[in-house]
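Q: Handing you this structure, nothing more for now.
The values are calculated or read from the model by the stated rules, or taken from the named source; none is laboratory data. For clarity, every value in this text was computed on a predicted model and none was experimentally measured. Here the Cβ is made from the backbone with ideal geometry for all residues, glycine too, and neighbour counts use every protein chain on show.
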Amino acid sequence: MRYEFICKVFNFTRSTYIRSMCGIAGFIDLKNRSNADVLRAMTDQQVHRGPDGSGTTLLSFRNASIGLGHRRLSIIDLSETGHQPMAFGQFTITYNGEIYNYKEIKRELEKLGHSFSGHSDTEMILHAFREWGAACLDKFIGMFAFVLVNNTEGSVFIARDRAGVKPFFYYHADDLFLFASELKSFHAHPAFKKEIDLNAVSAYMQYGNVPSPHCIFKHAFKLPPGHYLNFKLEETLNIPRPTCYWNVYDAYNRPKLDISETEAIKETEKIIQSACEYRMVADVPVGVFLSGGYDSACVTALLQKDRTEKLKTYTVGVPDIGLNEAPYAADVAKYLGTDHTQIDCTEKEAVELIAELPFYYDEPFGDSSAIPTTLVSKMARKEVTVALSADAGDEVFAGYNRYDYLMRYGKKMEQLPKFVRTSMASVMERVPSERIPVLRNKYNFHNRYEKLKGILRNPSSQQIMLSLSQQYTDDQMNAQVLLNPANHLPTNYMSSELQQEFYSPLAYMMAIDYQTYLPDDILQKVDRATMTVSLEGREPFLDHRVIEWAAQLPDHLKYHGGIKKYILKEIVHQHIPKSLLDRPKMGFAVPIAKWLQTDLRDLVHEQLSSSRILQQGIFQPMFVKRLKDDFYNGKKELDTKLWYMLMFQLWYSKWMEA
């Protein structure tokens with residue numbers, strides 16, 4: 001990456017402060033099975049996250065050796081003052097992320113007597129931890145995952161940001177602790193045992209991802225968002241349960257604000273504006289993903305409105321598969337006056353990308369929108385190294401169609417007699433979605449048709465949430481899908497933390513989405529897609545101040561008279577004419593049913609052959625055969641189930657058979 005090119009795109013000067021996104025990896029070993037070569041191998045597994053440099057540090061203790069590794073993607077400056085791992089006093093850190101308000105914290109620390117040798121937020125974290133300990137996390141506005149070692153006390157502190165923007169995996173077995181931004185680093189350690197957790201396989205087939213804090217491998221975990229680990233090096237390596245320092249329910253379990261709509265709109269815009277500005281570097285332009293929808297239009301409008309220089313905005317479309325919001329984005333960009341770039345990809349490029357997904361998504365991952373998200377990142381990376389996106393607008397301001405279904409039909413379904421609902425579900429089992437005229441051509445209809453069956457059987461808020469989130473129930477997994485029964489993994493989908501005093505069906509679903517679908521699907525997808533091509537993504541709506549404010553807004557300001565994201569839309573309408581934006585939500589879905597029937601058909605038969613399934617010993621061969629036969633005989637509503645199965649098999653080929 002050329003420094004001059006970055007300066008040209010973003011108008012940076014060499015006086016600008018240092019930022020670096022990256023990947024981290026390392027170990028704590030009580031049995032001396034790890035060395036510098038192993039550490040370098042673990043770190044270099046993530047070269048795509050940080051192609052601009054690497055660093056490793058080995059620390060020796062009486063009863064343990066610790067290795068800290070870092071891959072660096074330099075956004076502005078290649079100076080060594082930001083080199084990692086970094087040491088200060090008795091502390092050493094390896095860190096992935098950005099603390100956007102680090103200058104303010106740095107000034108506070110300087111008033112307390114701290115002096116700094118460089119300009120990085122990494123150095124600020126070291127000083128902040130020395131001054132405040134774990135309480136320093138409460139001051140941070142940003143995205144981060146870091147491991148900090150106290151060399152004097154022989155203690156380790158590990159933290160992950162509130163929303164879970166930055167990933168953190170760890171493995172603990174036989175007095176060995178491994179950590180990394182991506183699972184692939186573990187495979188480089190000779191003591192890592194890649195044993196599949198069948199309970200996690202069951203959860204993956206239900207949700208399309210392995211929910212936090214679980215992992216596809218035994219003895220491996222994800223550090224939950226808003227949590228930290230803190231432990232000392234003893235004779236044996238005892239890893240405690242993670243400690244929660246921030247919880248979205250703390251915001252939902254507060255009285256709703258008594259506020260007028262006008263005041264709510266004003267204050268909400270002010271908070272979002274602050275979140276956007278924090279994610280600008282030295283108040284100069286950065287790239288923005290502009291889809292033409294409300295979320296990205298909001299970010300773009302708020303950033304452009306008080307600037308004379310033009311924002312660089314990007315839209316990527318795949319017109320021949322129906323993913324083409326480019327004309328809408330172009331209209332928004334023209335109205336706002338941004339420097340807009342439209343990039344079109346072909347269906348061939350999209351299909352060919354599927355073969356690469358298992359390397360980057362190194363835990364089974366079934367969200368097919370990983371394909372267009374990765375295409376967006378690849379295309380944008382040709383011109384920029386930093387891009388703002390607008391993820392979490394749906395979770396924060398009630399944008400998903402499932403919220404609409406709940407508010408429109410939840411109570412009505414509960415009022416239907418049970419025998420009527422079950423009879424309707426039984427009829428739907430016998431009538432494939434492909435036979436439903438008109439609706440069969442609607443966006444995502446086949447998958448929704450399948451999920452509706454579960455809702456009809458049990459329309460409670462909890463069951464609606466599960467039915468819309470799961471492809472299979474626990475009973476179906478054990479009776480039909482798996483060769484051997486699995487145990488149900490406890491997840492936040494079953495959370496009961498929302499207090500009855502503050503309960504509403506909408507708040508219930510949104511809080512669960514913020515703790516589950518957002519970090520385990522959306523953020524994992526975006527992190528892998530952007531870091532695949534060494535692109536830094538910044539997420540204004542994931543500023544914790546935004547959700548803390550929005551959670552206390554009355555429901556009618558988020559879902560109002562059938563209008564989703566009501567308050568966000570009212571903010572945008574102050575900057576962009578409603579006529580440019582008011583259209584049905586398109587989503588980022590790809591035509592997986594079509595691909596499974598055409599381009600991927602041979603791959604399905606190869607990966608899901610009866611002999612292969614029998615040899616693996618994970619799934620029931622007759623179930624897999626029936627799934628394929630039913631799909632290819634016209635049941636398009638099974639496309640997501642078949643896609644999940646194919647993605648698992650491709651992952652298995654890459655990471656279990658290689």
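Q: Which residue is surrounded by the most Cβ atoms within 10 Å (Cβ to Cβ), if the candidates are limited to the stretch 223-254 and must be under 30 Å from residue 656 (Cα atoms) and free of Cβ contacts under 8 Å to residues at least 60 places away in the same chain?
A: 242
Q: Output the residue which, of all residues in the stretch 262-317 that are in contact (Cβ under 8 Å) with a residue 40 or more places away in the chain, more than 18 Å from residue 393 (Cα to Cα) and of a type in the set (A, V, I, L, M, F, W, C), is surrounded by the fewest Cβ atoms within 10 Å (Cβ to Cβ).
A: 282
Q: Yes or no: residue 463 surrounded by fewer than 21 Cβ atoms within 10 Å (Cβ to Cβ) and either aromatic (Phe, Trp, Tyr) or over 22 Å from the mean Cα position of the chain (by Cα) (or both)?
A: Here the answer is yes, as residue 463 does meet what is asked.
Q: To continue, here is another question. Within the stretch 340-357, does at least one residue satisfy the condition of being closer than 19 Å to residue 571 by Cα, hydroxyl-bearing (Ser, Thr, Tyr) and not assigned by TED's automatic domain parsing to the domain that holds residue 606? Walk me through how you get there before you give the answer.
A: Kept after step one, since they are closer than 19 Å to residue 571 by Cα, are these residues of the stretch 340-357: none.
No, the conditions are met nowhere in the stretch 340-357.
Q: Based on this model, can you work out whether residue 407 counts as touching a residue at least 12 places away in the same chain (Cβ under 8 Å) and either hydroxyl-bearing (Ser, Thr, Tyr) or over 30 Å from residue 533 (Cβ atoms) (or both)?
A: The answer is yes for residue 407.
Q: Only one of (1) of a type outside the set (A, V, I, L, M); (2) in contact (Cβ under 8 Å) with a residue 40 or more places away in the chain; (3) at positive phi is not met by residue 561, so which one is it?
A: (2)
Q: Further question: Does the stretch 332-388 hold any residues that are in a helix (DSSP H, G or I), over 29 Å from residue 648 (Cα atoms) and among the small types (Gly, Ala, Ser), and which are they?
A: Taking the stretch 332-388 as the starting set, the residues that turn out to be in a helix (DSSP H, G or I) are 332-336, 347-360, 370-381.
Pick out the ones that are also over 29 Å from residue 648 (Cα atoms) and you get 332-336.
Passing the criteria: only 333.
Q: Just checking, how many residues over the stretch 154-200 are surrounded by fewer than 20 Cβ atoms within 10 Å (Cβ to Cβ), assigned to a strand (DSSP E or B) and more than 23 Å from the chain's Cα centre (by Cα)?
A: Residues that pass the stated criteria total 3.
Q: Another question, if that's okay. Please enumerate the residues belonging to the stretch 335-367 that are touching a Phe, Trp or Tyr at 6+ places or on another chain (Cβ under 6 Å) and either surrounded by fewer than 17 Cβ atoms within 10 Å (Cβ to Cβ) or under 23 Å from residue 523 (Cβ atoms) (or both).
A: 358, 364, 366
Q: Another question, if that's okay. Taking the conditions exactly as written (touching a Pro at 6+ places or on another chain (Cβ under 7 Å) and in a helix (DSSP H, G or I)), does residue 203 satisfy them or not?
A: Numbers: touching a Pro at 6+ places or on another chain (Cβ under 7 Å): yes; in a helix (DSSP H, G or I): yes.
Taking the combined requirement at face value, the residue satisfies it.
Q: For a quick check of your reading of the model, give me the residue pairs whose first member lies in the stretch 590-606 and is within 11 Å of residue 632 (Cα to Cα) and in contact (Cβ under 8 Å) with a residue 40 or more places away in the chain, whose second is assigned to a helix (DSSP H, G or I) and acidic (Asp, Glu), with beta-carbon atoms closer than 7 Å and at least 6 apart or on different chains.
A: 593/639; 596/639
Q: In addition: One residue is enough: does the stretch 22-45 have a residue meeting the conditions assigned by TED's automatic domain parsing to the domain that holds residue 229, acidic (Asp, Glu), more than 26 Å from residue 530 (Cβ to Cβ) and modelled with pLDDT of 90 or more? Give the steps one after another, and end with the answer.
A: Let us first name the residues in the stretch 22-45 that are assigned by TED's automatic domain parsing to the domain that holds residue 229, namely 22-45.
Narrowing the set further to residues that are acidic (Asp, Glu) leaves 29, 37, 44.
Adding the requirement that they be more than 26 Å from residue 530 (Cβ to Cβ) leaves 29, 37.
So of that shortlist, the ones also modelled with pLDDT of 90 or more come out as 29, 37.
Yes: one or more hits.
Q: A follow-up question, please. Which residue pairs have Cβ atoms under 8 Å apart, sit 6 or more places apart or on different chains, and have a first residue in the stretch 100-113 that is within 20 Å of residue 165 (Cβ to Cβ) and in contact (Cβ under 8 Å) with a residue 40 or more places away in the chain and a second that is hydroxyl-bearing (Ser, Thr, Tyr) and part of a helix (DSSP H, G or I)?
A: Sorted first by the residue in the stretch 100-113, then by its partner, the pairs are 100/278; 101/278.
Q: On the given criteria, is residue 264 in a helix (DSSP H, G or I) and either out of contact with any helix residue (DSSP H, G or I) (no Cβ under 9 Å at 6 or more places or on another chain) or farther than 25 Å from residue 492 by Cβ (or both)?
A: Taking the combined requirement at face value, the residue satisfies it.
Q: Could I ask something else about it? Condition first: of a type outside the set (Asp, Glu) and touching an Asp or Glu at 6+ places or on another chain (Cβ under 9 Å). Now tell me which residues in the stretch 274-285 satisfy that.
A: Listed by number, the residues that qualify are 274, 275, 276, 278, 279, 284, 285.
Q: Here's something else I'd like to know. Quick one: which residue in 388, 357, 336 is in contact (Cβ under 8 Å) with a residue 40 or more places away in the chain and touching a Cys at 6+ places or on another chain (Cβ under 9 Å)?
A: 388
Q: Another one. Is there any pair linking a residue in the stretch 503-518 that is more than 17 Å from residue 490 (Cα to Cα) to one that is among the basic types (Lys, Arg) and modelled with pLDDT of 95 or more, with Cβ under 9 Å and at least six apart or on different chains, and which?
A: Hits for this filter: 506/558; 510/558.
Q: Scan the stretch 100-150 residue by residue and report those that are assigned to a loop (DSSP other than H, G, I, E, B) and in contact with a strand residue (DSSP E or B) (Cβ under 6 Å, 6 or more places away or on another chain). Lay out the reasoning, then the answer.
A: We begin by selecting, within the stretch 100-150, every residue assigned to a loop (DSSP other than H, G, I, E, B); these are 100-101, 112-119, 140-141.
Within the stretch 100-150, 100, 119, 140 meet the criteria.
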